[in-house]
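I have placed the structure first, in the form of C-alpha coordinates, so that the comments after it can refer back to it.
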Amino acid sequence: MNSGTAQLRKLFGTDGIRGVAGEFPLDRATVQAVGRALGAHLAASGHTPRVLLGRDTRESGVWIEDALAAGLAKAGASVERAGVMTTPGVAYLAHLDRFAAGVVISASHNPWRDNGIKIFGHDGYKLADDVELEIEQAIFADIKTNGGATHAVGEPKHRELTADYVNWLAAQCPADLSGLRVVVDCANGAASEIAPEVFRAKRVQATFIHAAPDGKNINERCGALHPEVVAKATLDAGAQVGISYDGDADRALFSDAGGKVVNGDAVLLVTARDMKSRGKLAGDTVVATTMSNMGLEVALQENGITMLRAGVGDKYVLEEMKKSGATLGGEQSGHIIFRDGGATTGDGLLTALRLLEVVATSGKTLADLTADLKVFPQVIRNVRVREKKPFEDMPDVRALMAHAERHLCRFGRVNVRYSGTEKLARVMVEADCEDKVISLADAIAAAIQREVGE
(Lines give C-alpha, C1' and ligand atoms only; values in the text may rest on other atoms or scores of the structure.)
Protein backbone atom coordinates (compact mmCIF):
# COMPACT_ATOMS: atom_id res chain seq x y z
CA MET A 1 0.00 0.00 0.00
CA ASN A 2 1.32 3.43 -0.90
CA SER A 3 0.21 5.28 2.22
CA GLY A 4 1.40 8.61 0.87
CA THR A 5 -0.75 8.29 -2.22
CA ALA A 6 -3.68 7.04 -0.16
CA GLN A 7 -3.51 10.13 2.04
CA LEU A 8 -3.39 12.45 -0.99
CA ARG A 9 -6.61 11.09 -2.46
CA LYS A 10 -9.74 13.10 -1.71
CA LEU A 11 -12.42 11.13 -3.56
CA PHE A 12 -11.19 7.53 -3.51
CA GLY A 13 -11.10 5.67 -0.22
CA THR A 14 -10.05 2.07 0.41
CA ASP A 15 -13.08 0.88 -1.56
CA GLY A 16 -13.71 3.44 -4.28
CA ILE A 17 -15.75 6.64 -4.09
CA ARG A 18 -18.52 6.63 -1.51
CA GLY A 19 -21.01 9.11 -0.09
CA VAL A 20 -24.65 10.14 0.15
CA ALA A 21 -26.43 9.69 -3.19
CA GLY A 22 -27.31 13.05 -4.69
CA GLU A 23 -24.63 14.92 -2.74
CA PHE A 24 -21.04 15.60 -3.79
CA PRO A 25 -19.23 13.51 -4.93
CA LEU A 26 -22.27 11.43 -5.92
CA ASP A 27 -24.31 14.24 -7.44
CA ARG A 28 -25.23 13.81 -11.10
CA ALA A 29 -22.66 16.29 -12.43
CA THR A 30 -19.73 14.80 -10.51
CA VAL A 31 -20.73 11.25 -11.43
CA GLN A 32 -20.71 12.23 -15.11
CA ALA A 33 -17.28 13.81 -14.57
CA VAL A 34 -16.12 10.50 -13.09
CA GLY A 35 -17.35 8.75 -16.23
CA ARG A 36 -15.64 11.23 -18.54
CA ALA A 37 -12.36 11.02 -16.61
CA LEU A 38 -12.40 7.23 -16.51
CA GLY A 39 -13.34 7.01 -20.19
CA ALA A 40 -10.52 9.36 -21.17
CA HIS A 41 -8.05 7.38 -19.05
CA LEU A 42 -9.07 4.13 -20.72
CA ALA A 43 -9.13 5.65 -24.22
CA ALA A 44 -5.50 6.73 -23.86
CA SER A 45 -4.55 3.24 -25.04
CA GLY A 46 -5.74 4.20 -28.52
CA HIS A 47 -8.68 1.78 -28.66
CA THR A 48 -12.38 2.30 -27.99
CA PRO A 49 -12.72 1.02 -24.42
CA ARG A 50 -15.56 -1.31 -23.46
CA VAL A 51 -16.80 -0.77 -19.92
CA LEU A 52 -19.10 -3.04 -17.93
CA LEU A 53 -21.46 -1.52 -15.36
CA GLY A 54 -23.15 -3.38 -12.51
CA ARG A 55 -25.02 -2.19 -9.42
CA ASP A 56 -26.60 -3.33 -6.20
CA THR A 57 -30.26 -2.81 -5.30
CA ARG A 58 -30.30 0.78 -3.96
CA GLU A 59 -32.88 2.99 -5.63
CA SER A 60 -30.20 5.56 -6.48
CA GLY A 61 -28.21 2.97 -8.41
CA VAL A 62 -30.29 3.41 -11.58
CA TRP A 63 -29.75 7.15 -12.02
CA ILE A 64 -26.11 6.95 -10.95
CA GLU A 65 -25.59 4.22 -13.55
CA ASP A 66 -27.25 6.43 -16.18
CA ALA A 67 -25.06 9.41 -15.28
CA LEU A 68 -21.90 7.33 -15.26
CA ALA A 69 -22.80 5.78 -18.63
CA ALA A 70 -23.40 9.25 -20.06
CA GLY A 71 -19.97 10.43 -18.96
CA LEU A 72 -18.25 7.31 -20.29
CA ALA A 73 -20.03 7.61 -23.64
CA LYS A 74 -19.06 11.29 -23.93
CA ALA A 75 -15.43 10.19 -23.59
CA GLY A 76 -15.89 7.64 -26.37
CA ALA A 77 -16.32 4.47 -24.34
CA SER A 78 -18.70 1.66 -25.26
CA VAL A 79 -20.89 0.81 -22.26
CA GLU A 80 -22.63 -2.44 -21.41
CA ARG A 81 -24.78 -3.12 -18.36
CA ALA A 82 -25.00 -6.27 -16.30
CA GLY A 83 -27.90 -4.99 -14.20
CA VAL A 84 -27.97 -6.05 -10.55
CA MET A 85 -24.67 -7.86 -10.00
CA THR A 86 -22.35 -8.52 -7.07
CA THR A 87 -19.06 -6.66 -6.88
CA PRO A 88 -16.95 -9.83 -7.43
CA GLY A 89 -19.28 -10.77 -10.27
CA VAL A 90 -18.40 -7.55 -12.11
CA ALA A 91 -14.71 -8.11 -11.42
CA TYR A 92 -14.87 -11.64 -12.82
CA LEU A 93 -16.89 -10.66 -15.89
CA ALA A 94 -14.66 -7.68 -16.67
CA HIS A 95 -11.70 -10.04 -16.98
CA LEU A 96 -13.63 -12.87 -18.66
CA ASP A 97 -15.10 -10.73 -21.44
CA ARG A 98 -12.04 -8.54 -21.92
CA PHE A 99 -13.64 -5.27 -20.85
CA ALA A 100 -11.27 -2.36 -20.36
CA ALA A 101 -12.87 -1.84 -16.95
CA GLY A 102 -15.70 -3.01 -14.74
CA VAL A 103 -17.52 -0.50 -12.56
CA VAL A 104 -19.75 -1.35 -9.60
CA ILE A 105 -22.28 1.12 -8.24
CA SER A 106 -22.61 0.15 -4.59
CA ALA A 107 -21.93 1.35 -1.06
CA SER A 108 -21.51 -2.21 0.20
CA HIS A 109 -22.67 -2.39 3.84
CA ASN A 110 -23.67 1.28 4.12
CA PRO A 111 -27.32 2.43 4.51
CA TRP A 112 -29.55 2.74 1.43
CA ARG A 113 -29.13 6.52 1.16
CA ASP A 114 -25.42 6.06 0.47
CA ASN A 115 -23.91 4.79 -2.74
CA GLY A 116 -20.52 4.44 -4.32
CA ILE A 117 -18.40 3.76 -7.39
CA LYS A 118 -15.80 0.98 -7.44
CA ILE A 119 -13.57 0.49 -10.47
CA PHE A 120 -11.86 -2.71 -11.59
CA GLY A 121 -9.28 -2.93 -14.36
CA HIS A 122 -9.34 -5.25 -17.37
CA ASP A 123 -7.59 -7.89 -15.25
CA GLY A 124 -10.40 -7.92 -12.67
CA TYR A 125 -8.30 -6.27 -9.97
CA LYS A 126 -9.11 -3.02 -8.17
CA LEU A 127 -7.11 -0.08 -9.43
CA ALA A 128 -3.86 0.79 -7.70
CA ASP A 129 -3.81 3.87 -5.49
CA ASP A 130 -1.65 5.87 -7.90
CA VAL A 131 -4.03 5.14 -10.81
CA GLU A 132 -7.00 6.23 -8.68
CA LEU A 133 -5.14 9.42 -7.83
CA GLU A 134 -4.50 10.09 -11.53
CA ILE A 135 -8.19 9.60 -12.36
CA GLU A 136 -9.20 11.72 -9.36
CA GLN A 137 -7.06 14.61 -10.57
CA ALA A 138 -8.69 14.30 -14.00
CA ILE A 139 -12.14 14.41 -12.34
CA PHE A 140 -11.38 17.71 -10.61
CA ALA A 141 -9.90 19.13 -13.82
CA ASP A 142 -13.02 18.06 -15.72
CA ILE A 143 -15.31 19.73 -13.17
CA LYS A 144 -13.29 22.93 -13.38
CA THR A 145 -13.34 22.90 -17.20
CA ASN A 146 -16.93 21.81 -17.78
CA GLY A 147 -18.49 23.58 -14.80
CA GLY A 148 -20.64 20.60 -13.86
CA ALA A 149 -22.12 20.14 -17.33
CA THR A 150 -24.35 17.11 -17.85
CA HIS A 151 -25.66 15.44 -20.96
CA ALA A 152 -27.90 12.57 -21.95
CA VAL A 153 -26.98 9.30 -23.61
CA GLY A 154 -28.89 6.59 -25.37
CA GLU A 155 -29.55 3.29 -23.61
CA PRO A 156 -26.30 1.26 -23.49
CA LYS A 157 -26.38 -2.40 -24.39
CA HIS A 158 -27.66 -4.74 -21.70
CA ARG A 159 -26.53 -8.36 -21.65
CA GLU A 160 -27.55 -11.22 -19.40
CA LEU A 161 -24.22 -12.15 -17.84
CA THR A 162 -25.36 -13.83 -14.64
CA ALA A 163 -25.10 -17.35 -16.03
CA ASP A 164 -21.38 -16.96 -16.83
CA TYR A 165 -20.63 -15.94 -13.27
CA VAL A 166 -22.84 -18.62 -11.70
CA ASN A 167 -21.23 -21.33 -13.84
CA TRP A 168 -17.75 -20.18 -12.81
CA LEU A 169 -18.69 -20.23 -9.13
CA ALA A 170 -20.18 -23.72 -9.38
CA ALA A 171 -17.01 -24.98 -11.07
CA GLN A 172 -14.90 -23.68 -8.16
CA CYS A 173 -16.58 -26.18 -5.85
CA PRO A 174 -16.58 -29.72 -7.31
CA ALA A 175 -17.79 -31.36 -4.10
CA ASP A 176 -21.33 -32.69 -3.64
CA LEU A 177 -23.17 -30.22 -1.40
CA SER A 178 -26.62 -31.73 -1.78
CA GLY A 179 -26.71 -33.01 1.80
CA LEU A 180 -26.26 -29.59 3.38
CA ARG A 181 -29.08 -27.50 4.83
CA VAL A 182 -28.30 -23.79 5.07
CA VAL A 183 -30.01 -20.47 5.74
CA VAL A 184 -28.88 -17.58 3.53
CA ASP A 185 -29.39 -13.90 4.43
CA CYS A 186 -29.06 -11.87 1.22
CA ALA A 187 -29.25 -8.45 2.99
CA ASN A 188 -31.84 -7.37 0.38
CA GLY A 189 -28.81 -6.65 -1.78
CA ALA A 190 -27.10 -7.90 -4.92
CA ALA A 191 -27.01 -11.50 -3.65
CA SER A 192 -30.83 -11.59 -3.71
CA GLU A 193 -30.88 -12.39 -7.42
CA ILE A 194 -27.71 -14.44 -7.77
CA ALA A 195 -27.37 -16.49 -4.56
CA PRO A 196 -30.49 -18.61 -5.25
CA GLU A 197 -29.09 -19.56 -8.66
CA VAL A 198 -25.68 -20.46 -7.21
CA PHE A 199 -27.05 -22.68 -4.45
CA ARG A 200 -29.55 -24.24 -6.82
CA ALA A 201 -26.70 -25.13 -9.19
CA LYS A 202 -24.91 -26.90 -6.32
CA ARG A 203 -28.12 -28.57 -5.08
CA VAL A 204 -27.76 -27.08 -1.60
CA GLN A 205 -30.92 -27.21 0.50
CA ALA A 206 -31.10 -23.46 1.08
CA THR A 207 -33.66 -21.22 2.75
CA PHE A 208 -33.34 -17.56 1.77
CA ILE A 209 -34.21 -14.61 3.97
CA HIS A 210 -34.05 -10.86 3.27
CA ALA A 211 -34.05 -11.52 -0.46
CA ALA A 212 -36.78 -9.06 -1.49
CA PRO A 213 -35.08 -5.71 -2.16
CA ASP A 214 -37.24 -2.61 -2.56
CA GLY A 215 -34.47 -0.05 -3.07
CA LYS A 216 -34.48 1.10 0.54
CA ASN A 217 -34.20 -2.04 2.68
CA ILE A 218 -30.65 -3.05 1.72
CA ASN A 219 -28.62 -3.92 4.88
CA GLU A 220 -31.57 -2.87 7.07
CA ARG A 221 -31.32 -4.93 10.26
CA CYS A 222 -30.06 -7.88 8.23
CA GLY A 223 -27.07 -9.28 6.37
CA ALA A 224 -23.41 -9.20 7.38
CA LEU A 225 -23.94 -6.13 9.55
CA HIS A 226 -26.25 -8.22 11.72
CA PRO A 227 -24.94 -11.81 11.62
CA GLU A 228 -26.90 -12.60 14.77
CA VAL A 229 -30.04 -12.57 12.59
CA VAL A 230 -28.96 -15.49 10.42
CA ALA A 231 -27.47 -17.20 13.48
CA LYS A 232 -30.88 -17.30 15.15
CA ALA A 233 -32.60 -18.33 11.91
CA THR A 234 -30.08 -21.17 11.48
CA LEU A 235 -30.68 -22.43 15.00
CA ASP A 236 -34.47 -22.16 14.62
CA ALA A 237 -34.44 -24.00 11.28
CA GLY A 238 -32.16 -26.80 12.46
CA ALA A 239 -29.80 -25.98 9.58
CA GLN A 240 -26.10 -26.82 9.56
CA VAL A 241 -24.72 -23.46 8.42
CA GLY A 242 -25.97 -19.89 8.22
CA ILE A 243 -24.60 -17.45 5.64
CA SER A 244 -25.02 -13.66 5.65
CA TYR A 245 -23.93 -11.27 2.89
CA ASP A 246 -23.44 -7.54 2.74
CA GLY A 247 -25.07 -5.32 0.14
CA ASP A 248 -22.74 -6.14 -2.75
CA ALA A 249 -21.86 -9.68 -1.59
CA ASP A 250 -18.10 -9.26 -1.64
CA ARG A 251 -17.97 -10.65 1.89
CA ALA A 252 -19.79 -13.20 4.00
CA LEU A 253 -20.14 -14.09 7.65
CA PHE A 254 -21.43 -17.41 8.95
CA SER A 255 -23.05 -19.17 11.87
CA ASP A 256 -22.78 -22.77 13.02
CA ALA A 257 -25.69 -25.07 13.79
CA GLY A 258 -25.71 -23.89 17.40
CA GLY A 259 -26.26 -20.28 16.43
CA LYS A 260 -22.70 -19.09 17.05
CA VAL A 261 -21.40 -16.42 14.65
CA VAL A 262 -18.32 -17.43 12.65
CA ASN A 263 -16.31 -14.50 11.29
CA GLY A 264 -13.63 -14.10 8.64
CA ASP A 265 -10.78 -15.08 10.97
CA ALA A 266 -12.40 -18.46 11.59
CA VAL A 267 -13.03 -18.91 7.86
CA LEU A 268 -9.35 -18.25 7.17
CA LEU A 269 -8.34 -20.89 9.72
CA VAL A 270 -10.72 -23.54 8.37
CA THR A 271 -9.90 -22.98 4.70
CA ALA A 272 -6.16 -22.57 5.32
CA ARG A 273 -5.91 -25.96 6.99
CA ASP A 274 -7.94 -27.54 4.22
CA MET A 275 -5.85 -25.94 1.47
CA LYS A 276 -2.62 -26.95 3.21
CA SER A 277 -3.78 -30.57 3.42
CA ARG A 278 -4.39 -30.54 -0.34
CA GLY A 279 -1.13 -28.79 -1.21
CA LYS A 280 -2.98 -25.65 -2.34
CA LEU A 281 -1.72 -23.22 0.32
CA ALA A 282 1.28 -21.61 -1.35
CA GLY A 283 4.20 -21.16 1.01
CA ASP A 284 1.99 -22.35 3.88
CA THR A 285 1.16 -18.66 4.23
CA VAL A 286 -2.03 -16.70 4.89
CA VAL A 287 -2.43 -12.93 4.57
CA ALA A 288 -4.73 -11.28 7.13
CA THR A 289 -4.96 -7.65 8.29
CA THR A 290 -4.01 -5.53 11.26
CA MET A 291 -7.55 -6.11 12.60
CA SER A 292 -7.38 -9.92 12.60
CA ASN A 293 -7.40 -11.42 16.07
CA MET A 294 -4.12 -12.65 17.53
CA GLY A 295 -5.89 -15.91 18.28
CA LEU A 296 -5.92 -16.60 14.54
CA GLU A 297 -2.18 -16.05 14.32
CA VAL A 298 -1.56 -18.45 17.20
CA ALA A 299 -3.88 -21.14 15.77
CA LEU A 300 -2.25 -20.92 12.35
CA GLN A 301 1.22 -21.17 13.87
CA GLU A 302 0.16 -24.34 15.68
CA ASN A 303 -0.72 -25.77 12.26
CA GLY A 304 2.60 -24.77 10.68
CA ILE A 305 1.11 -21.81 8.80
CA THR A 306 2.63 -18.32 8.70
CA MET A 307 0.34 -15.30 8.94
CA LEU A 308 1.27 -11.99 7.34
CA ARG A 309 -0.61 -8.77 8.11
CA ALA A 310 -1.66 -6.18 5.55
CA GLY A 311 -3.49 -2.86 5.86
CA VAL A 312 -7.27 -2.94 6.21
CA GLY A 313 -9.07 -3.30 2.89
CA ASP A 314 -9.15 -6.33 0.63
CA LYS A 315 -7.19 -4.51 -2.08
CA TYR A 316 -4.27 -4.22 0.37
CA VAL A 317 -4.65 -7.86 1.36
CA LEU A 318 -4.41 -8.72 -2.31
CA GLU A 319 -1.33 -6.55 -2.78
CA GLU A 320 0.43 -8.47 0.00
CA MET A 321 -0.78 -11.78 -1.47
CA LYS A 322 0.75 -10.89 -4.82
CA LYS A 323 3.98 -9.83 -3.15
CA SER A 324 4.29 -12.97 -1.00
CA GLY A 325 2.76 -15.41 -3.49
CA ALA A 326 0.06 -16.41 -0.99
CA THR A 327 -3.08 -18.09 -2.33
CA LEU A 328 -5.33 -17.28 0.64
CA GLY A 329 -6.00 -14.02 2.39
CA GLY A 330 -8.79 -12.05 3.95
CA GLU A 331 -10.29 -9.92 6.65
CA GLN A 332 -12.10 -10.52 9.90
CA SER A 333 -15.10 -8.77 8.31
CA GLY A 334 -15.52 -11.63 5.84
CA HIS A 335 -13.65 -10.48 2.74
CA ILE A 336 -11.83 -13.68 1.72
CA ILE A 337 -9.69 -14.01 -1.42
CA PHE A 338 -8.94 -17.41 -2.97
CA ARG A 339 -6.25 -16.87 -5.57
CA ASP A 340 -5.89 -20.59 -6.22
CA GLY A 341 -9.23 -20.41 -8.06
CA GLY A 342 -8.50 -17.21 -9.93
CA ALA A 343 -10.49 -14.78 -7.76
CA THR A 344 -9.29 -11.17 -7.96
CA THR A 345 -11.23 -9.72 -5.02
CA GLY A 346 -13.25 -10.79 -1.99
CA ASP A 347 -16.25 -12.88 -3.02
CA GLY A 348 -18.92 -13.83 -0.49
CA LEU A 349 -20.57 -16.43 -2.73
CA LEU A 350 -17.27 -18.15 -3.47
CA THR A 351 -16.32 -18.03 0.22
CA ALA A 352 -19.57 -19.75 1.16
CA LEU A 353 -19.03 -22.52 -1.39
CA ARG A 354 -15.46 -23.12 -0.26
CA LEU A 355 -16.47 -23.26 3.41
CA LEU A 356 -19.41 -25.56 2.69
CA GLU A 357 -17.07 -27.79 0.70
CA VAL A 358 -14.84 -28.25 3.76
CA VAL A 359 -17.87 -29.09 5.90
CA ALA A 360 -19.18 -31.58 3.32
CA THR A 361 -15.87 -33.36 2.66
CA SER A 362 -14.54 -33.41 6.23
CA GLY A 363 -17.66 -34.85 7.80
CA LYS A 364 -17.24 -32.35 10.62
CA THR A 365 -19.57 -29.61 11.77
CA LEU A 366 -18.59 -25.98 11.43
CA ALA A 367 -18.42 -25.83 15.23
CA ASP A 368 -15.93 -28.72 15.24
CA LEU A 369 -13.81 -27.08 12.56
CA THR A 370 -13.50 -23.82 14.51
CA ALA A 371 -13.40 -25.20 18.06
CA ASP A 372 -9.65 -24.62 18.59
CA LEU A 373 -9.70 -20.94 17.62
CA LYS A 374 -9.15 -19.06 20.87
CA VAL A 375 -10.38 -15.50 20.36
CA PHE A 376 -8.31 -13.05 22.38
CA PRO A 377 -10.30 -10.25 24.06
CA GLN A 378 -10.58 -7.43 21.55
CA VAL A 379 -12.34 -4.09 21.92
CA ILE A 380 -13.11 -1.75 19.02
CA ARG A 381 -14.28 1.81 19.54
CA ASN A 382 -15.53 3.92 16.63
CA VAL A 383 -15.27 7.71 16.92
CA ARG A 384 -17.05 9.89 14.37
CA VAL A 385 -14.66 12.67 13.33
CA ARG A 386 -14.90 16.01 11.55
CA GLU A 387 -11.46 15.64 9.97
CA LYS A 388 -8.81 12.95 9.58
CA LYS A 389 -5.89 14.63 11.32
CA PRO A 390 -2.77 12.43 11.53
CA PHE A 391 -2.62 10.68 14.89
CA GLU A 392 1.06 11.54 15.25
CA ASP A 393 0.01 15.22 15.36
CA MET A 394 -2.15 14.59 18.46
CA PRO A 395 0.17 14.43 21.52
CA ASP A 396 -2.48 13.08 23.91
CA VAL A 397 -3.51 10.31 21.53
CA ARG A 398 0.10 9.41 20.82
CA ALA A 399 0.92 9.27 24.54
CA LEU A 400 -2.08 7.08 25.36
CA MET A 401 -1.24 4.67 22.55
CA ALA A 402 2.31 4.35 23.89
CA HIS A 403 0.94 3.87 27.42
CA ALA A 404 -1.40 1.11 26.21
CA GLU A 405 1.38 -0.75 24.44
CA ARG A 406 3.55 -0.64 27.58
CA HIS A 407 0.79 -2.01 29.83
CA LEU A 408 -0.64 -4.78 27.70
CA CYS A 409 -0.02 -8.41 28.57
CA ARG A 410 2.30 -10.82 26.77
CA PHE A 411 0.04 -11.04 23.74
CA GLY A 412 -1.31 -7.56 23.10
CA ARG A 413 -1.43 -4.82 20.52
CA VAL A 414 -3.02 -1.49 19.68
CA ASN A 415 -4.26 -0.45 16.26
CA VAL A 416 -5.67 3.03 15.61
CA ARG A 417 -6.69 4.02 12.12
CA TYR A 418 -9.18 6.01 10.10
CA SER A 419 -11.86 4.26 8.09
CA GLY A 420 -11.25 4.43 4.36
CA THR A 421 -14.96 4.70 3.59
CA GLU A 422 -16.45 6.74 6.45
CA LYS A 423 -15.52 9.71 8.67
CA LEU A 424 -14.59 7.42 11.54
CA ALA A 425 -11.55 6.73 13.66
CA ARG A 426 -11.33 3.09 14.75
CA VAL A 427 -9.52 2.18 17.96
CA MET A 428 -8.72 -1.50 18.47
CA VAL A 429 -7.05 -2.88 21.58
CA GLU A 430 -6.40 -6.59 21.95
CA ALA A 431 -4.69 -8.70 24.61
CA ASP A 432 -4.79 -12.06 26.35
CA CYS A 433 -5.90 -10.28 29.54
CA GLU A 434 -9.40 -8.88 29.31
CA ASP A 435 -9.36 -6.48 32.23
CA LYS A 436 -7.22 -3.84 30.53
CA VAL A 437 -8.47 -3.70 26.95
CA ILE A 438 -11.72 -1.83 27.67
CA SER A 439 -10.20 0.96 29.76
CA LEU A 440 -7.27 1.44 27.36
CA ALA A 441 -9.51 1.57 24.27
CA ASP A 442 -11.93 3.98 25.96
CA ALA A 443 -9.11 6.31 26.94
CA ILE A 444 -7.67 6.50 23.42
CA ALA A 445 -11.13 6.95 21.87
CA ALA A 446 -11.91 9.78 24.33
CA ALA A 447 -8.69 11.58 23.41
CA ILE A 448 -9.54 11.35 19.70
CA GLN A 449 -13.07 12.62 20.45
CA ARG A 450 -11.64 15.66 22.25
CA GLU A 451 -9.25 16.41 19.41
CA VAL A 452 -11.26 15.83 16.20
CA GLY A 453 -14.63 14.39 17.21
CA GLU A 454 -17.82 15.72 15.67
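The values are calculated or read from the model by the stated rules, or taken from the named source; none is laboratory data. Just so it is clear, the model here is predicted, and its values are computed rather than measured. FYI the Cβ positions are ideal-geometry reconstructions off the backbone, even for glycines, and counts take in every protein chain you see.
Pairs under 8 Å by beta carbon, first residue basic (Lys, Arg) in segment 311-334, partner in a strand (DSSP E or B), six or more apart or different chains?
Note: pairs meeting the criteria are LYS315/LYS126.
Going by the conditions given, is THR306 without any contact (Cβ under 8 Å) to a residue 24 or more places away in the chain and either touching a helix residue (DSSP H, G or I) at 6+ places or on another chain (Cβ under 9 Å) or crowded, with 23+ Cβ neighbours inside 10 Å (or both)?
Values: without any contact (Cβ under 8 Å) to a residue 24 or more places away in the chain: yes; either touching a helix residue (DSSP H, G or I) at 6+ places or on another chain (Cβ under 9 Å) or crowded, with 23+ Cβ neighbours inside 10 Å (or both): yes.
Answer is yes for this residue.
Could we say that ASP248 is touching an Asp or Glu at 6+ places or on another chain (Cβ under 6 Å), within 30 Å of ALA70 (Cα to Cα) and outside any helix (DSSP H, G or I) here?
Values: touching an Asp or Glu at 6+ places or on another chain (Cβ under 6 Å): yes; within 30 Å of ALA70 (Cα to Cα): yes; outside any helix (DSSP H, G or I): yes.
Yes.
Would you say ASP442 is acidic (Asp, Glu), outside the structural domain of PRO111 (by TED's automatic domain parsing) and without any contact (Cβ under 8 Å) to a residue 60 or more places away in the chain?
no
In segment 431-448, what residues are surrounded by 16 or more Cβ atoms within 10 Å (Cβ to Cβ) and out of contact with any Pro (no Cβ under 7 Å at 6 or more places or on another chain)? Give the derivation first.
From segment 431-448, those surrounded by 16 or more Cβ atoms within 10 Å (Cβ to Cβ) are 431-432, 436-437, 440-441, 443-448; that's our starting set.
Result: ASP432, LYS436, LEU440, ALA441, ALA443, ILE444, ALA445, ALA446, ALA447, ILE448.
Quick one: is GLU387 at pLDDT below 90, acidic (Asp, Glu) and either assigned by TED's automatic domain parsing to the domain that holds ILE117 or exposed (fewer than 15 other Cβ atoms within 10 Å of the Cβ) (or both)?
No: the conditions fail for GLU387.
Of these, LYS232, LYS202, which one is in contact with a Cys (Cβ under 9 Å, 6 or more places away or on another chain), more than 26 Å from THR289 (Cβ to Cβ) and of a type in the set (Lys, Arg)?
One residue alone meets the criteria, LYS202.
Pairs please, first residue from segment 200-214 and without any contact (Cβ under 8 Å) to a residue 24 or more places away in the chain, second anywhere and assigned to a strand (DSSP E or B) and of a type in the set (Gly, Ala, Ser), Cβ atoms under 9 Å, 6+ apart in sequence or on different chains.
Correct list of pairs: ARG200/ALA206.
If you check SER108 against the conditions, is it closer than 14 Å to ILE17 by Cα and either assigned by TED's automatic domain parsing to the domain that holds GLY311 or small (Gly, Ala, Ser) (or both)?
Here the answer is yes, as SER108 does meet what is asked.
For residues that are in a helix (DSSP H, G or I) and either hydroxyl-bearing (Ser, Thr, Tyr) or out of contact with any Lys or Arg (no Cβ under 9 Å at 6 or more places or on another chain) (or both), tally how many sit in segment 251-269.
Looking only at that region, the number is 4.
Among the residues in segment 226-237, are any buried (at least 24 other Cβ atoms within 10 Å of the Cβ), assigned to a strand (DSSP E or B) and more than 19 Å from the chain's Cα centre (by Cα)?
no
Out of everything in segment 95-151 that is closer than 18 Å to SER45 by Cα and small (Gly, Ala, Ser), what residue ends up being surrounded by the fewest Cβ atoms within 10 Å (Cβ to Cβ)?
The residue in question is ALA128.
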